[in-house]
2 protein chains.
Amino acid sequence: MPRQIPDDRDETIFRAAREVFAAQGFAAARMDDIAKAAGLSKATLYLHFASKEELFFALTQELIDRMLPVVIPSDIGDVPAPALIRQIIGTAMQQVTRPDVALVPRLVIGEGNRFPDLVAYYQEHAVSRIHHALQTIIEHGVARGEFRAVDARNSARSIMGGIIVTAIWKTVLEPAGADSVDVEAMADAHVAMVLGGLQVEAGAGS
Amino acid sequence: MPRQIPDDRDETIFRAAREVFAAQGFAAARMDDIAKAAGLSKATLYLHFASKEELFFALTQELIDRMLPVVIPSDIGDVPAPALIRQIIGTAMQQVTRPDVALVPRLVIGEGNRFPDLVAYYQEHAVSRIHHALQTIIEHGVARGEFRAVDARNSARSIMGGIIVTAIWKTVLEPAGADSVDVEAMADAHVAMVLGGLQVEAGAGS
DNA sequence: TGTTTATGACTGACCAGTCAGTTATAAATG
DNA sequence: CATTTATAACTGACTGGTCAGTCATAAACA
């Protein structure tokens, strides 16, 4: 009896929402614009998502579910730690420099203070998992003698830092006229610095 | 009605504006709230700043002018590069983990796409200067044989990364329930990793 | 007195969310 | 096959509230 089953509706809406949120931020994004970008009326949009906030939250979940498996290696046990770190940095940097992927972390950083639950979710499901994976890999590396005895928790944060700057540079600074970053070269430089810093023969210098 | 000495007016307004912008973001911040927090009426606020955007821009300029001299050492010439890097990381991390300082970069990241001129200004006057200082220090270090021949431009970005994650962790994640970062320990760990990665005897590993 | 500093009250635009009503179509009917 | 029916998918137009920015007026000073 009803009309066609628009199966990819949600994906269409997500795509439109990502565009508008990325360009306007959360607060300044208009549901009308998202609807228009998706080729829908605003009322139809509200048939799929109960509110602007819920739409953004769905977007966040979708992104996390799609990205985490790509970024975090499934087997952390027997692979050499340096190779794992190299792989994570490469993959994560490649992913998070895409505007549609950088969107969520960017808005969490900028507007998250108004949405503690969203930040908590993002922290728990994305940040903390990546952080934990890196920390574990470092600890394995130390245990195996591949790395020197470092502060794994904070070193993992340093690794994440290089990924985040790159994402910000690419999606925020570069569109505003900053000189462009070569993501692959940046990944190589970051890997070199990180592995150099973790290697057994190195000390803290100065 | 009273005609007080409104000399510290701007500072009062800045303080109030930082509070409100930090809590609400740019778009969702209300000028009424900023006025109230400054103990002023909104109309009076508009006697000092022509628009919300101009107020935020003034805030940005004030912050940059106040922070850059603290973070960037005046003499980069003869001091050993490792000491300079240690100093910059320590100072920058200490500064930028303060909510009122993190404010501007956070909003640039989240809502900057709507204000290209602001981002360009921030990039040119803050990001690019710190980046350039770090790059120069690394290049000097390489020239003097303190560091191995690295990609200075991208290595400088890695250094900035560790500072930025710490700021975000402290001002965004931590208020939402993430485990707290010990800023000093984080600075030490980052310095160790960076200097280890730059040191002459180290290679890229794996 | 005139000038400067202040404000309460106002306005015009904007926008999230709603709703009464419309359209498309699968299936039941003849 | 043509027609009716049931109903999910959809929408234009509306509302209630919010908020940046303005202005007429008042108080404090010189």
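Pick from A:Phe147, A:Phe56, A:Phe115 the residue whose mean-square fluctuation is largest in a GNM of chain A, springs joining Cα atoms under 10 Å. Answer for the Gaussian network model of chain A: A:Phe115.
Of all chain B residues, the closest to the B-onto-A rotation axis by Cβ, with that distance in whole Å, is B:Gly110, 1. Take each residue in B:180-187, count the other chain C-beta atoms within 10 Å of its C-beta, and the mean is 2. Shown here: region A:83-206, whose C-alpha atoms stretch 42, 35, 28 Å along the first, second and third principal axes, sorted largest to smallest. Relative to the longest principal axis of chain A, what angle (0 to 90°, nearest 10) does the C-alpha long axis of helix A:128-144 take? Long axis of A:128-144 versus the principal axis of chain A: about 20 degrees.
When only the Cβ of Lys, Arg, Asp and Glu is charged (+1, +1, -1, -1), the dipole of region A:94-206 relative to its Cα centre reaches about 280 debye. Computed from the Cβ-Cβ distance with R0 of 60 Å, the FRET efficiency linking B:Asp75 to A:Glu54 stands at 0.65. Structure remark: mean-square fluctuation, Gaussian network model of chain B, C-alpha springs under 10 Å; the largest value among B:Arg114, B:Arg18, B:Arg157 belongs to B:Arg114. What separates the B:Ala23 label point from its copies, with the point 7 Å along Cα to Cβ, is 3.3 nm, written shortest first.
Given Cβ point charges of +1 (Lys, Arg) and -1 (Asp, Glu) and nothing else, what value in debye, to the nearest 20, does the dipole of the protein assembly as shown about its Cα centre take? Display every interim value, and only then the final one.
Details: 38 positive and 52 negative charges, 130 e Å.
For this selection, approximately 620 debye.
Over chain A, DSSP H runs of length four or greater, each weighted -39,500 (n - 2.57), average out per residue to a 222 nm ellipticity of -22000 deg cm²/dmol.
Rounded if a/c is under 1.5, else prolate if a/b beats b/c, else oblate: with a ≥ b ≥ c from the C-alpha gyration tensor eigenvalues square-rooted, which is the protein assembly as shown? Because a/c hits 1.5 or more and a/b fails to exceed b/c, the protein assembly as shown counts as oblate. Can you give the relative contact order of chain B as a percent, counting alpha carbon pairs under 8 Å and 6+ residues apart? Computed value for chain B: 21 percent relative contact order. Figure legend: label point modelled 7 angstrom from the Cα of A:Arg98 along Cα→Cβ; residues of region A:171-199 with amide N under 18 Å from it are A:171-172, A:183-184, A:187.
Only residues of region A:89-133 count here: report those whose backbone N is under 20 Å from the spot 7 Å along Cα→Cβ of B:Arg30, or say none. Only A:111-116 fall inside the zone, counting backbone N under 20 Å.
Note: region B:101-140, Cα convex hull, 67 Å³ per residue. What's the angle, to the nearest 10 degrees (0 to 90), between helix B:52-71's Cα axis and the longest principal axis of chain B? That helix lies at roughly 40 degrees to the long axis.
Placing +1 on each Lys and Arg Cβ and -1 on each Asp and Glu Cβ, with no other charges, gives region B:113-157 a dipole about its Cα centre of roughly 100 debye. So how tilted is helix B:152-168 from the main axis of chain B? Cα-based, degrees 0 to 90, rounded to 10. Tilt of helix B:152-168: around 50 degrees.
So which GluC sites (Glu not before Pro) in region A:107-206 are both in a DSSP loop and have at most 16 other Cβ atoms within 10 Å of their Cβ?
Details: sites: A:Glu111, A:Glu124, A:Glu139, A:Glu146, A:Glu184, A:Glu201; in loops: A:Glu146, A:Glu201.
Loop-located and lightly packed - A:Glu201.
Rule-based calculations on the coordinates, nothing more; no lab input. Just so we're clear, the structure is a prediction, and the values are computed from it rather than from any experiment. When we count neighbours, we look across all protein chains shown, and the Cβ atoms used for this are built from the backbone with ideal geometry, even at glycine.
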